Amino acid sequence: MMRPFAYASLALLLAACGSGKEEPTTTDDTPTTDATSSTTAGESEPTTTDSAGEPFGFVCMDILKAENVEDDPFAGTAKIRITLKYDQCLIDYYTKRHPEHAFDAPEGAAIVDDWRARLCDELPDALVPCEVESLAQTLDEGASKFELAVTYQIGDPAQIDGRRLLWGPGPVDAVAECEGQLPSVRMTLPTDLVGLDAEGTELWSAQSWSNPVSVFKNDAAGCIEVSAAPFT
């Protein structure tokens, strides 16, 4: 007469043991899922930041009247031409690693079109009022000539002295693949900076300059500083 009760007690005991095993399994799964999500989010953040950066940038040049010049050398200026030479990293970038970004290639031409207006609008408070008239890139291995000349139309020559121009575009360090070098350009001659009147006559040029090597960036840091004097 006591067996049904014994069987019922045994069934209740087994059921209690079974429910005790399920609880730690559910609890262990929760932190494992959270830890995986946290690790993934932590790894993805720098990738997102890097990819959001501008792959191309500019070099800046500050233009000043030379201290030994009394009259305004910039009067009558209608255009300014800046010609800078590529250093080795950029020579290799345009001729070997990414020739598709050369200015005469379709992809390179699209980059130029994007930057044509930006060069005169990226830092409006500090810039010489301008419009980009032309960009002429030379990649001539036979003549060992690797440079870019940008010609600007000037809106108000009275706003040249003490202001800057942006020159480019070119790849920034994060994408240039320079391997120990930098995506830099340099000023080497007085005629690398020239002011012209409306007929194309040279009015003034660089007399002296400091910080002649500059790197493509997305900010106006490390500008080439030039003192200008009447052309002789």
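Which residues, counting only those in region 190-204, are in contact (Cβ under 8 Å) with a residue 60 or more places away in the chain and not hydroxyl-bearing (Ser, Thr, Tyr)?
Result: Asp192, Leu193, Val194, Gly195, Leu196, Asp197, Ala198, Gly200, Leu203, Trp204.
Can you tell me which residue in region 109-166 is surrounded by the most Cβ atoms within 10 Å (Cβ to Cβ), limited to those that are assigned to a loop (DSSP other than H, G, I, E, B) and in contact (Cβ under 8 Å) with a residue 60 or more places away in the chain? Talk me through it step by step, then tell me what you get.
Let us first name the residues in region 109-166 that are assigned to a loop (DSSP other than H, G, I, E, B), namely 119-126, 128-129, 141-144, 155-156, 160-162.
Applying the additional criterion that residues be in contact (Cβ under 8 Å) with a residue 60 or more places away in the chain yields 119, 122-123, 126, 128, 160-162.
On the way: Leu119: 22, Glu122: 18, Leu123: 16, Ala126: 15, Val128: 23, Ile160: 25, Asp161: 14, Gly162: 11.
Result: Ile160.
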(request) Scan region 164-172 and give yes if some residue there is basic (Lys, Arg) and either under 21 Å from the mean Cα position of the chain (by Cα) or at pLDDT below 95 (or both), otherwise no. (result) yes
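Name every residue in region 119-140 that is at pLDDT 95 or above and of a type outside the set (A, V, I, L, M), in order of residue number.
Pass one, region 119-140, residues at pLDDT 95 or above: 119-120, 127-140.
Matches in region 119-140: Cys120, Pro129, Cys130, Glu131, Glu133, Ser134, Gln137, Thr138, Asp140.
Please go through region 167-192 and pick out each residue that is over 18 Å from Phe216 (Cα atoms) and either among the β-branched types (Val, Ile, Thr) or surrounded by 15 or more Cβ atoms within 10 Å (Cβ to Cβ) (or both).
If we filter region 167-192 for residues that are over 18 Å from Phe216 (Cα atoms), which is where we start, we get 189-191.
Residues satisfying the conditions are Pro190, Thr191.
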(request) Filter region 69-93 for residues that are touching a helix residue (DSSP H, G or I) at 6+ places or on another chain (Cβ under 9 Å), not hydroxyl-bearing (Ser, Thr, Tyr) and not in a helix (DSSP H, G or I) and give the result. (result) Asp72, Phe74, Ala75, Gly76, Ala78, Arg81, Ile82, Leu84, Lys85
(message) Anything in region 56-75 that is farther than 11 Å from Ala228 by Cβ and surrounded by 15 or more Cβ atoms within 10 Å (Cβ to Cβ)? List them, or say none.
(response) Phe56, Gly57, Phe58, Val59, Cys60
(request) Mind listing just one residue for me: the one in region 210-222 that is surrounded by fewer than 19 Cβ atoms within 10 Å (Cβ to Cβ) and among the hydrophobic types (A, V, I, L, M, F, W, C) and, of those, farthest from Val172 (Cα to Cα)? (result) Val213
(request) For region 67-106, enumerate the residues that are charged (D, E, K, R) and either outside the structural domain of Ala176 (by TED's automatic domain parsing) or under 21 Å from Cys223 (Cα atoms) (or both). (result) Glu67, Lys79, Arg81, Lys85, Asp87
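Among Glu179, Glu100, which is in a loop (DSSP other than H, G, I, E, B) and not basic (Lys, Arg)? Can you show your working first?
Working: Glu100 fails: in a loop (DSSP other than H, G, I, E, B).
The match here is Glu179.
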(request) Please go through region 171-207 and pick out each residue that is touching an Asp or Glu at 6+ places or on another chain (Cβ under 9 Å) and among the hydroxyl-bearing types (Ser, Thr, Tyr). (result) Ser184, Thr191, Ser205
(message) It is to be established whether one or more residues within region 213-229 are aliphatic (A, V, I, L, M), over 19 Å from Leu148 (Cα atoms) and more than 24 Å from the chain's Cα centre (by Cα).
(response) yes
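The values are calculated or read from the model by the stated rules, or taken from the named source; none is laboratory data. Since we're looking at a predicted model, the values are computed, not measured. Quick reminder, even Gly has a Cβ in these numbers, built from the backbone with ideal geometry, and neighbours come from all protein chains shown.
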